Structure formats: structure tokens, C-alpha cells
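The values are calculated or read from the model by the stated rules, or taken from the named source; none is laboratory data. Since the structure is predicted, the reported quantities are computational estimates derived from the model, not experimental observations. So basically every Cβ, Gly included, is an ideal-geometry build from the backbone, and we count neighbours across all protein chains shown.
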Amino acid sequence: MGLSTFETWYAVFDADTQRVGLAESINSQLTPAQSAEFNNKRIHKLSLTELFDYHGEKHGLERFNGSTVIISICAAISIILTILIVHFCMKKRESKKTNQEEAREYLTL
């Protein structure tokens, strides 16, 4: 990072979590529109995990990191799909039994 970067942006290096944070410097020459455009571009380039982290921190939910949220969503979807598959298989089995019973009744007549 060059001097021009540090004149426009304030950088915070967090060695514990191995993260770098950037904020607009008070010495920045960017207009509010340019600053908003830059921030929106940065947010759109985040990965899904980083987006969950960003919004969690923004709303005071630091303990819910992006990976935990994604794993929880995947687990919930897996459980729902399993329930639907079991329900479908049970319905199909019941339908098959009903068809067999009707066939037996027809043959005994």
C-alpha cells in the first residue's frame, strides 16, 4: 500500500483475527457520492461468508459468524428435504398398498 492509499484510507490491522479493516480517512478528498460508491462496490465483492459476517457485525451479532450461519442453513435445508422425502415415500407406499388391496377385492369377486 502506497502513501496515497494511506492518505485516503485509514487502515486497522488486527493480528489476532488476521483481518484488515479500512475506513475513509478524515483527510480523504472523496466526495460523499464517491465514498458511497466505493463502499457499495466493496460490499458487493464480499463472499457469502463475509456478507454474513458484515451484516452480523453491523447489527451487533458478532458471535454469529458467517460460517456458522451457512452451516445452520444447510442443516435446516437437509432436515426439511429429509422429512419431505420420507413423507413422499410413505405416501407412495400407502398408495401402492391401496392399489394392491383393490386388486385383491376385484379378483375375489
Quick one: would you say Val69 is under 30 Å from Gly21 (Cβ atoms), modelled with pLDDT of 75 or more, surrounded by 10 or more Cβ atoms within 10 Å (Cβ to Cβ) and of a type outside the set (S, T, N, Q)? yes
Residues in region 11-33 that are part of a loop (DSSP other than H, G, I, E, B) and hydrophobic (A, V, I, L, M, F, W, C) total 3
For region 34-43, does any single residue satisfy the condition of being touching a helix residue (DSSP H, G or I) at 6+ places or on another chain (Cβ under 8 Å) and either in contact (Cβ under 8 Å) with a residue 40 or more places away in the chain or in a helix (DSSP H, G or I) (or both)? yes
Can you find, within region 55-109, the residue that is farthest from the chain's Cα centre (by Cα) among those that are hydroxyl-bearing (Ser, Thr, Tyr) and farther than 30 Å from Asn40 by Cβ? Thr108
Set Arg93, Arg42: member being basic (Lys, Arg), closer than 28 Å to Trp9 by Cα and surrounded by 10 or more Cβ atoms within 10 Å (Cβ to Cβ): Arg42
Applying the selection to region 52-90, what residues are assigned to a loop (DSSP other than H, G, I, E, B) and not aliphatic (A, V, I, L, M)? His59, Gly60, Glu62, Arg63, Phe64, Asn65
